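The values are calculated or read from the model by the stated rules, or taken from the named source; none is laboratory data. On a predicted model such as this, the values are computed, not experimentally measured, just so you know. Glycine also receives a Cβ, built like all others from the backbone with ideal geometry; neighbour counts cover every protein chain displayed.
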Amino acid sequence: MIVGERKPLEQIEAMLEGFDKILIVGCGTCVAVSMAGGEKEVEELAVQLRMKDKLEGRKRTIDEITVTRQCDREYLEVLAKHLDNYDVVLSMACGAGVQFLAERYDDKIVLPALNTLFIGVAEDAGVWTQRCMACEDCILDQTGGICPMTICPKNLLNGPCGGTNGGKCEVDGEKDCAWTLIYRKLEKLGRLDYMRKIQPPKDYSVMTKPGKYTHQAFKETQENEEE
Amino acid sequence: MNDAARQFEPKVVAYCCTYCAYTAGDLAGSMRLEYATNVRVVQILCTGKIDAILLLRAFEEGADAVYVAGCALGDCHFLEGNLGALRTVAHTKHLLAEIGLQPERLEFFHVPASAGPLFAQRANEMTARARELGPNPLRETIHQAAGKKLERQDDGRPPLPEATHGKLIRHSEQIS
C-alpha cells in the first residue's frame, strides 16, 4: 500500500492562506490504512482547522468529504455537484490522487495535505516500512523474497558490499544489511546455491518516468479503435 | 481569587470505562464522598474506544477540561484498551497544541475499580485545573457555523429488504 503522512498544520495553513471556502477531500484506500488521509483523519483535520479559526476569530467554511479512492475516475464524479461552492480543494490522498483530482477538475485549485512516503507494509501498529521501489523488473524469486533494490542503499544485486558489518549497513548502522538477510533466508530455505548465480546488470531504462502500462486484454481493443 | 474567577464554573467531561473508573465512581457515591459537581461522567465500555475526534469534539462544544479515566496498567478488562487510550490522549494533546489550545486541558488517569477516593480526587484535581486555566475560548463560538461533513450521494440502489432473521427480542417480549 502507499504510505503517507500528514503535513504539519503550519504548512497546511500557509497553503490555505487567502481562501475562505475550503473542501477537504479524503481518500478511503491506502492512506486511510496508513492513518494519514482517511475519513477519520479528514475529520480530525477539519475539526482542528475549524477550532483554530474560531480561536483566531477568522470566518472560513471548512467542509469535508471522503471518497473511496482518488485514483479512479468514477469515484471522483461524486464531487462534481459540490465543487462549485468552494475556492480550494485540500486533498488528503497520495500524490497520485491529488494529481488525478486536479486533472479531473482542472478549473479548481487542488492542494496536497499529505507527504507521500513509499510503497510499504504495516510492520506494527502505527509503523510502516518500505518494501518495494517499483523497479519494474522483480527479482524476488532469486533473493528469498527480500528486495535488495529497496533495502540495500546501493541497490546491489550480487551480494553485499565491503561495508556490511555484523548484519548492519555501513550507510546507517540502525538498518539491516539486505544481503545478510537474503543469505540467512536462503540458508533457511536450503537454496544457498542461488547466491552463486550472477545477476546481469540491472536495466534501469525500464524505470523511465512516468510509467505507463496497458493490460494485454485492453491493448488489442485500443489498437482496433485507433485504426 | 477575583470575582470573575469565582463566578466561572468549569464544565469538565470525564470519559470513564465501565469496569474500573465508572465502578470507582459508584464506589465514591456509596462511600458518600463529595467531589466537584462540574464533572459530567460519560460511561464508555472501554477507554480503548476513545477516539481523538471524540475528545476534540468535546472541546469544540465548549468543554473546559476533558479527561479519560481507565483501568490501571495491566488491569484492562480487554487486556490493552487503556494502552490504546494512552496513545490516543497523547496524540490528541499534540493536535490541541497545534491549534493553540492548552493541551493541559486534556488528561488520562488510571482509576482502579476499588479506588473510590481516587475517583473523587481526580475529579477535583481536573476541575481545579480547569478553573486555573480559565474558560475554554471556544465556548463563545459553539453556535458559529464553520463547515460540516457533506452528505454522501445516494447510490441509486434500492434499500436493502428488512431483515427477517436474527432480530434481537428482549426476554420480556418473548411470547411463551
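Looking only at the range B:135-145, decide whether some residue is modelled with pLDDT of 95 or more, in a helix (DSSP H, G or I) and of a type in the set (D, E, K, R).
No, because not a single residue in the range B:135-145 is modelled with pLDDT of 95 or more, in a helix (DSSP H, G or I) and of a type in the set (D, E, K, R).
Output the strands (runs of 3 or more DSSP E) that fall wholly within the range B:1-94 and possess 1 or more residues being of a type in the set (S, T, N, Q), or say none. So that I can check it myself, show each step before the final result.
Details: elements: B:12-17, B:39-44, B:65-70.
The strands (runs of 3 or more DSSP E) meeting that bar are B:39-44.
Of the residues that sit in the range B:14-52 and are within 14 Å of chain A (Cβ to nearest Cβ) and buried (at least 19 other Cβ atoms within 10 Å of the Cβ), which one is nearest to B:GLU80 (Cα to Cα)?
Step one: of the range B:14-52, the residues within 14 Å of chain A (Cβ to nearest Cβ) are B:48-52.
Restricting the remaining residues to those that are buried (at least 19 other Cβ atoms within 10 Å of the Cβ) gives B:48, B:50, B:52.
Values: B:GLY48: 8, B:ILE50: 13, B:ALA52: 17 Å.
Among them, the one singled out is B:GLY48.
Out of (1) touching a helix residue (DSSP H, G or I) at 6+ places or on another chain (Cβ under 8 Å); (2) closer than 20 Å to B:ILE99 by Cα; (3) crowded, with 20+ Cβ neighbours inside 10 Å, the odd one out for A:ASP63 is which?
Failing condition for A:ASP63: (3).
Quick check: anything in the range A:7-18 under 25 Å from B:ASN136 (Cα atoms), without any contact (Cβ under 8 Å) to a residue 40 or more places away in the chain, more than 9 Å from every other protein chain (Cβ to nearest Cβ) and surrounded by fewer than 19 Cβ atoms within 10 Å (Cβ to Cβ)?
Yes.
What tally of residues in the range A:32-63 results from selecting those that are more than 17 Å from A:ALA14 (Cβ to Cβ) and either touching a Pro at 6+ places or on another chain (Cβ under 6 Å) or part of a helix (DSSP H, G or I) (or both)? Please lay out each step first, then the result.
Here is the first cut: in the range A:32-63, the ones more than 17 Å from A:ALA14 (Cβ to Cβ) are A:32-44, A:46-47, A:50-51, A:54-55, A:57, A:59, A:61, A:63.
Remaining after also requiring either touching a Pro at 6+ places or on another chain (Cβ under 6 Å) or part of a helix (DSSP H, G or I) (or both): A:32-33, A:39-44, A:46-47, A:50-51, A:54-55.
So the count comes out to 14.
Which condition from (1) modelled with pLDDT of 90 or more; (2) of a type outside the set (A, V, I, L, M, F, W, C); (3) within 25 Å of B:PRO103 (Cβ to Cβ) is the one that B:PRO117 breaks?
Among (1) modelled with pLDDT of 90 or more; (2) of a type outside the set (A, V, I, L, M, F, W, C); (3) within 25 Å of B:PRO103 (Cβ to Cβ), B:PRO117 violates only (3).
For the range B:95-114, which residues satisfy the criterion of being outside any helix (DSSP H, G or I), in contact with a Lys or Arg (Cβ under 9 Å, 6 or more places away or on another chain) and either modelled with pLDDT under 95 or not charged (D, E, K, R) (or both)? Walk me through it before giving the result.
Of the residues in the range B:95-114, the ones outside any helix (DSSP H, G or I) are B:100-102, B:106-114.
If we keep only those that are in contact with a Lys or Arg (Cβ under 9 Å, 6 or more places away or on another chain) as well, we get B:100-101, B:106-107, B:109, B:111.
Of everything in the range B:95-114, those that are outside any helix (DSSP H, G or I), in contact with a Lys or Arg (Cβ under 9 Å, 6 or more places away or on another chain) and either modelled with pLDDT under 95 or not charged (D, E, K, R) (or both) turn out to be B:GLY100, B:LEU101, B:LEU106, B:PHE109, B:VAL111.
For A:GLU123, state whether it is surrounded by 10 or more Cβ atoms within 10 Å (Cβ to Cβ) and within 22 Å of A:MET1 (Cβ to Cβ).
Details: surrounded by 10 or more Cβ atoms within 10 Å (Cβ to Cβ): yes; within 22 Å of A:MET1 (Cβ to Cβ): yes.
So A:GLU123 passes the test.
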